[in-house]
Amino acid sequence: MANGCQIDSSQTVIYTAADGSHTIHDKEWFNEQPIAFHNLLEKRLLDVGTSGLVMTLVFEGGDQLAITSDLQPYEAGAVLDPNGNGFYF
């Protein structure tokens with residue numbers, strides 16, 4: 001993300017394109033296919049919403065990135081600034 005910010009996730013990430021097609025990334029990083037949401041680079045983030053254990057990021061153009069969490073005793077991911085400050089989910 002911009003300014004050195006990042007999102008880390010150890011759970012399922014679902015990319016939904018503006019046309020409704022979607023790609024699910026739910027494997028260990030070393031077994032995963034190439035990411036399909038590279039076209040989100042340089043696009044503005046317009047909205048962040050949550051519903052249950054899913055955080056959804058909506059980008060200009062209508063593309064969405066849904067990041068899931070779980071109820072395990074450890075965090076499933078984080079949103080961090082360049083200094084490591086942020087929040088965990």
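The values are calculated or read from the model by the stated rules, or taken from the named source; none is laboratory data. Treat the numbers as computed from the prediction; the structure is a model and nothing was measured. Quick reminder, even Gly has a Cβ in these numbers, built from the backbone with ideal geometry, and neighbours come from all protein chains shown. In case anyone asks, the SASA skips ligands and DNA or RNA and just uses the protein heavy atoms, side chains included. Shrake-Rupley method; radii C 1.70, N 1.55, O 1.52, S 1.80 Å.
A few remarks follow.
- Most to least accessible of His38, His25 (protein chains only, probe 1.4 Å): His38, His25
- The overall shape of the range 8-74 is oblate: from the C-alpha gyration tensor, with semi-axes ordered a ≥ b ≥ c, the ratio a/c is 1.5 or greater and a/b is no larger than b/c.
- Apportionment of accessible area to carbon and sulfur, the chain, percent (1.4 Å): 53
- Sparse-neighbourhood loop sites, chymotrypsin sites (Phe, Trp or Tyr not before Pro) in the range 1-61 - DSSP loop, at most 10 other Cβ within 10 angstrom: none
- Summed residue charge, Cβ within 11 Å of Ala18's Cβ, Lys/Arg positive, Asp/Glu negative: -2
- Virtual paramagnetic centre 7 Å along Cα→Cβ of Gln6, amide N under 19 Å, in the range 39-60: 39-43
- Whole-number accessible area per residue in Å² for the chain, which is evaluated in the context of all protein chains at 1.4 Å: 69
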